[in-house]
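So the structure is just underneath, and the comments pick up after that.
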Amino acid sequence: MLAKTYPYYLANRPQSSKTMLDVRDKYSGKVATRVAVPDARATEKAIAAAVQAAPAMRAFKPWQRQAVLQHCATRFEARKDELARALCIEAGKPIKDAAGEVTRLIETFQIAAEEAVRINGETINLELASRLDGYRGYTRRVPLGPVSFITPFNFPLNLVAHKVAPAIAAGCPFVLKPSEKTPIGALIIGEVLAETDLPRGAFSILPIDGKHAAPLVEDERLKLLSFTGGQIGWDLKARAGRKKVTLELGGNAACIVDADQGDKLDHVVERLVFGAFYQSGQSCISVQRIYAHVDVYDALKRKLVAAVKKLKAGDPKKKDVFLGPMIDEAAAERLHGWIAEARQAGAKLLCGGKREGAMLEATLMEDVPREAKVNRMEAFGPFALLAPFRTFEEAAARVNDSDFGLQAGIFTNRLDHAMRAWDELEQGGVVVNDVPSFRVDNMPYGGVKLSGLGREGVRYAIEDMTEVRLMVMREG
């Protein structure tokens with residue numbers, strides 16, 4: 001069960017407040033718990049504490065950072081059922097999927113614990129000419145200093161982990177603003193961090209609204225802003241001043257099914273259903289556009305529609321439910337409206353399309369016009385479109401005909417098509433023989449175009465949160 005109330009965290013310490021935020025069960029709509037809301041001065045206090053903690057965090061030894069991260073992984077394992085239940089309630093995520101996200105939370109902290117003790121430099125050959133004889137160069141990586149994080153609602157544990165765990169490994173104090181829609185996971189992480197011997201001020205977790213988050217973007221004492229969310233990220237980047245900025249801003253992921261997949265369609269359909277409708281499609285790399293070769297298109301469509309119609313929707317707390325609610329009724333209403341607009345423009349509904357409150361049926365469409373919102377924008381819900389192609393060049397052009405470029409997938413037996421996809425698709429990543437929704441927490445993850453800039457993945461985030469320090473030495 002959830003606690004009746006949760007504190008926020010300021011400079012490692014739990015804090016109460018007279019102002020409380022109601023956190024609702026996303027399926028029932030009932031208030032599930034309440035969260036302390038920081039007052040207007042808390043953000044300034046948190047930044048000041050992080051600045052003051054920077055020298056101590058820099059001095060905190062790699063083995064000490066590793067011990068903190070290992071402690072967290074152990075405690076998350078012990079509390080995995082509680083974490084999964086909280087995630088199921090606050091995000092409406094089916095309990096099986098919630099348990100999977102807890103597993104990834106643990107793995108992300110374990111990966112960071114390993115990386116904490118191998119943040120290495122290099123030796124540089126400077127003897128490039130006779131005048132440089134006797135000179136040697138050495139580099140090491142040092143923490144940037146205090147950093148800020150803003151995370152969205154759809155992965156309340158793992159997207160927080162992808163910022164917090166690398167920050168601890170790198171030795172950076174941080175201030176985190178989790179989504180007000182799903183703050184519980186981040187606050188439980190804060191509760192576990194408070195058990196460790198991190199220097200005072202090493203972390204603050206503030207469930208504030210966007211209006212009070214401006215200092216996390218604009219304050220020049222902060223050396224990096226890492227934001228995951230929507231297109232507002234570009235505005236945040238413009239306001240961020242001289243600090244480093246990394247952005248993960250979503251996508252409308254495409255997947256190609258090649259002509260040679262006829263005998264593998266059952267497997268392809270299984271993966272497409274997962275990729276498109278896992279956690280009601282509320283993933284930045286959810287399969288939104290499916291391009292199938294004309295030789296397999298009809299068979300794929302038939303199998304895919306049949307599989308989608310079998311998906312069980314309902315209360316995400318039930319183990320046999322695959323499709324839970326969207327984050328709120330407004331989100332479901334938005335996508336439902338986009339589907340209606342596409343139908344009015346000539347798109348054909350293959351299955352789904354109905355809405356009741358925050359529950360939107362798993363929806364497949366074909367003949368979707370190029371300019372329809374469900375094709376051009378990020379659906380971020382249980383929706384996918386199908387379209388046929390005749391040549392690989394046509395398929396690649398359709399994938400690239402997007403303002404986004406996070407990840408794409410291709411099912412093919414042809415090595416040349418796999419390599420051309422890697423070469424030609426304008427994406428941060430290409431997944432061969434699986435859906436673009438595939439992600440492992442140590443791989444570089446991020447996009448191009450409107451999908452953002454920079455890369456997540458523990459080692460890559462650590463690199464962003466450290467800077468190279470050079471020493472040049474001349475032999476005596």
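Applying the Karplus relation 6.51 cos²θ - 1.76 cosθ + 1.60 with θ = phi - 60° to segment 381-389 yields 3J(HN,Hα) values of x, x, 9, 8, 10, 10, 8, x, 9 Hz, where x marks Gly and Pro.
Most tightly packed first, judged by the mean number of other beta-carbon atoms within 10 Å of their residues, the peptides 134-142, 368-376 read 368-376, 134-142.
The apolar share of the surface of the chain, taken as the fraction of accessible area on carbon and sulfur atoms (1.4 Å probe, ligands and nucleic acids excluded), comes to 51 percent. Remark: spin-label model distance residue 295-residue 19 equals 6.2 nm, labels positioned 7 Å along the Cα→Cβ axis.
The tail of the calculated P(r) for segment 387-458, taken as Cα-Cα distances beyond 14 Å, holds 60 percent of the pairs. The Cα atoms of segment 1-87 give a gyration tensor whose axes a ≥ b ≥ c have a/c of 1.5 or more with a/b no greater than b/c, which makes the shape oblate. Would you mind telling me the antiparallel percentage of the DSSP bridges in the chain, rounded to 5? Given both bridge residues lie in the chain, the antiparallel proportion sits at roughly 45 percent. Applying the Kirkwood pairwise sum to the alpha-carbon positions of the chain produces a hydrodynamic radius of 23.4 angstrom.
Placing unit charges on the Cβ atoms of the charged side chains and taking the dipole of the chain about its Cα centre, the candidate lying farthest along the positive direction among 364, 100, 262 is 100. Among 114-125, 460-471, sorting by the average number of other beta carbon atoms lying within 10 angstrom of each residue, highest first, gives 460-471, 114-125. For the chain, the longest principal axis of the C-alpha atoms and the axis of helix 329-344 are separated by about 40°. I want the local charge near residue 405. Using Cβ-Cβ distances under 9 Å, sum +1 for each Lys or Arg and -1 for each Asp or Glu among the other residues. The answer is -1.
Measuring nothing but alpha carbons in segment 331-476 and taking Rh as the Kirkwood radius, the Rg to Rh ratio lands at 1.12.
Could you count how many Lys pairs in segment 244-326 have their Cα atoms under 19 Å apart, skipping same-chain pairs fewer than 8 positions apart? Lysine pairs meeting both conditions in segment 244-326 amount to 9. Taking the Cα centroid of segment 427-458 and of segment 242-291, what is the distance between the two, rounded to the nearest whole Å? Going from one Cα centre to the other spans 11 Å. For residue 355, the shell of other residues with beta-carbons less than 9 Å away shows a net charge of -3, using +1 for Lys and Arg and -1 for Asp and Glu.
For the chain, the per residue solvent-accessible surface stands at 42 Å², with DNA, RNA and ligands left out and a 1.4 Å probe.
Where the alpha-carbon atoms of segment 116-186 are placed on the principal axes, they occupy 63, 18, 18 Å, in descending order. Applying the Karplus relation 6.51 cos²θ - 1.76 cosθ + 1.60 with θ = phi - 60° to segment 221-233 yields 3J(HN,Hα) values of 6, 7, 9, 7, 10, 10, 10, 10, x, x, 5, 4, x Hz, where x marks Gly and Pro. Take 68-80, 243-255, 10-22 and order them by the average number of nearby Cβ atoms within 10 Å per residue, most first; the result is 243-255, 68-80, 10-22.
Computed from phi, the 3J(HN,Hα) profile of segment 246-260 under the Karplus parametrisation 6.51, -1.76, 1.60 (θ = phi - 60°) reads 10, 10, 10, 10, x, x, 9, 4, 10, 9, 9, 10, 6, 5, 8 Hz, with x in place of Gly and Pro. Relative to the current alpha-carbon distance between residue 344 and residue 239, full extension at 0.36 nm per residue lengthens the span by 33.9 nm.
Set the Cα radius of gyration of segment 44-201 against 2.2 N^0.38 Å, with N its number of residues, and you get 1.25. Inter-label distance, residue 200 to residue 61: 2.3 nm, where each label sits 7 Å from its Cα along the C-beta direction.
Using R0 = 60 Å, the C-beta based FRET efficiency linking residue 432 and residue 475 works out to 0.75.
A simple count of charges around residue 474, restricted to other residues whose Cβ falls under 13 Å of its Cβ and scoring Lys, Arg +1 and Asp, Glu -1, yields -1.
The values are calculated or read from the model by the stated rules, or taken from the named source; none is laboratory data. Please read these numbers as outputs of a predicted model, since none were measured by experiment. Quick reminder, even Gly has a Cβ in these numbers, built from the backbone with ideal geometry, and neighbours come from all protein chains shown. Note: accessible area is taken over every heavy atom of the protein model, side chains too, but ligands, DNA and RNA are not part of it. Shrake-Rupley method; radii C 1.70, N 1.55, O 1.52, S 1.80 Å.
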